[in-house]
1. Which number comes out as Rg/Rh for chain A once both Rg and the Kirkwood Rh are worked out on C-alpha atoms?
2. What distance in nm lies between label points placed 7 Å from Cα along the C-beta direction at A:Arg405 and A:Ser111?
3. May I ask you to list the GluC sites (Glu not before Pro) in the range A:107-190 that are in a DSSP loop and have at most 13 other Cβ atoms within 10 Å of their Cβ?
4. Using Cβ counts within 10 Å as a stand-in for footprinting exposure, how do A:Trp373, A:Trp53 rank, fewest first?
5. How high is the relative contact order of chain A, given as a whole-number percent (alpha carbon pairs under 8 Å, six or more residues apart)?
6. When N is the residue count of the range A:3-128, what does its C-alpha Rg come to as a fraction of 2.2 N^0.38 Å?
7. Among A:His212, A:His348, A:His424, A:His66, which comes first, then next, by fewest other beta-carbon atoms within 10 Å?
8. Assuming R0 = 45 Å, what is the FRET efficiency of A:Glu180 and A:Asn268, from their Cβ-Cβ distance, to the nearest 0.05?
Amino acid sequence: MTCSLVWLRDDLRVADNPALVAAVDRGEPVVVVFILDEVSPGIRPLGGATKWWLHHSLTALRDKLHRLGGELILRQGAAPDIIRTLIRETGATALYWNRRYGKPERDMDASIKEYAKASRLEAHSFQANLLFEPWTVRTGSGTPYTVFTPFWKSCINRPTPPRLPAPTPESITSPATLPESDDLDSWNLLPTNPNWALAFPVRWTVGENGAHAALERFFAGRIDRYAKGRDFPAEYSTSELSPHLRWGEISPFQIWHATDEFRREQGNSAEISTNAAKFLAELGWREFSYHLLYHWPDLATVNFDARFNHFPWGEPDPEILEAWQQGRTGIPMVDAGMRELWQTGYMHNRVRMIAASFLIKNLLIDWRVGEAWFWDTLVDADPASNAASWQWVAGSGADAAPYFRVFNPVLQADKFDPKREYLHRYLGEYEHPMLSGYPEPIIDLLESRNRALEAFKTLADVPRSIAPPTVDL
DNA sequence: CCTGGAGTTGTCCTA
DNA sequence: TTAGGACAACTCCAG
């Protein structure tokens, strides 16, 4: 008795899943496993909102697999141990997965491949979650890109475009006896006391079907206005695909080709092309962030630009920090964003920049404090995008915002929420501030802006200092 | 090696 | 009222 083992990680889908396809094509029965690993060294524990999403995504995935005749095995613990145990229990002779890009994850996968080799097991890994493998995108002089525009240009100008999505297997054969699976509920991924995710399902349909519904909705009525509309938080002009992408419920290959197809169906009009290109460039930012994470594995904890290692971040005042986290800063645009985050596990991109700029520049709090809060509260918290974006706002990142760029949340609200729709949606009390006791601003915007400019100016005397990328053999 | 164009997302002051 | 320049130059990257 033999079988093939498919280890799913950030790729909770049955469509365009090369590891699953290859395992099915091998012809032996297939065991599909997901491992919750909160113990292996270096692996960052999942945030609360991410866990909520994971619970529902695994439920949706299990349903998808059932419809194909497959089964989903859940295990908890150190992934290398679990894999070895499962191989023993199932008699599996081949192992399949789609690649990951974080350093601890890559090291773990490499060690498991070593083990497989020594044990005469087949082990196959696939490209599934990035359009362009990070080690293949290099400047003319062979170094990784650190500026987005030339990076993306070189990606989209490649002689061969990203591959077509892989077909969904027609059916999956499970072995006669399946290994034991944990009960998903026993993982306690859902919040209780209080259940802060109560309103999340109003906004999100978790799972592969929900991901494709979101993409269709985007093509049906959002992409037409995307390039301009994406800046207006009250509008629903963005795709809202980020949390689906986070767990790989949909792949960038599927999005790339669906967008391409949509563009052709629409007759390649200049306007559609502009919007489509802008949308794909956002996918490009995700690629760029992963490219940075691959070459600079400490992106979430270490300043990309070492000048910032000496930056005098204040010790965060717990009350001030809490006011920011809970949306009680008295700055309406910041508070609306932080409350959108609290209520829905999401925040519109423009408001993320405003709220982040406020924390870093007005409050002079270390970007890592904000990064950690978003990591815990965003349903789309992504190891690459979250870190790269916070560093971008701080000015410590690759291709970062210049230090003198300080968002003014009042002007931003005037400009991007002129009818106050977004503010009213998340700050009911703001409409009647006298009745509700909406807080006074915790800080003077002009004064704190000038303080930030002074502090950041001290960096300008020192040359930028970027650590060399880690070398991969 | 040299050259030159370009660089996600802003704000404020001045003429 | 509005448009343009200052803010800080500096680095990245292609040719």
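1. Numbers: Rg = 23.1 Å, Rh = 23.7 Å.
Rounded to two decimals, Rg over Rh is 0.97.
2. So the two model labels end up 4.0 nm from each other.
3. Working: sites: A:Glu114, A:Glu122, A:Glu170, A:Glu180; in loops: A:Glu170, A:Glu180.
Those satisfying the criteria are A:Glu170, A:Glu180.
4. Values: A:Trp373 19, A:Trp53 28.
By the 10 Å Cβ count, ascending: A:Trp373, A:Trp53.
5. Working: 747 pairs, mean separation 86.2, N = 473.
Dividing the mean separation by the residue count of chain A yields 18 percent.
6. On the way: Rg = 13.9 Å, N = 126, 2.2 N^0.38 = 13.8 Å.
Normalised Rg, Cα atoms only: 1.00.
7. Values: A:His212 19, A:His348 26, A:His424 16, A:His66 12.
The fewest-first ordering by Cβ neighbours comes to A:His66, A:His424, A:His212, A:His348.
8. Values: r = 54 Å, r/R0 = 1.19.
E(calc), rounded to 0.05, equals 0.25.
No lab work stands behind these numbers, since they all come straight from the coordinates. Quantities reported herein were computed from a predicted structural model and do not represent experimental measurements. Positions of Cβ are generated from backbone atoms using ideal geometry, with glycine treated the same way; all protein chains shown enter the neighbour counts.
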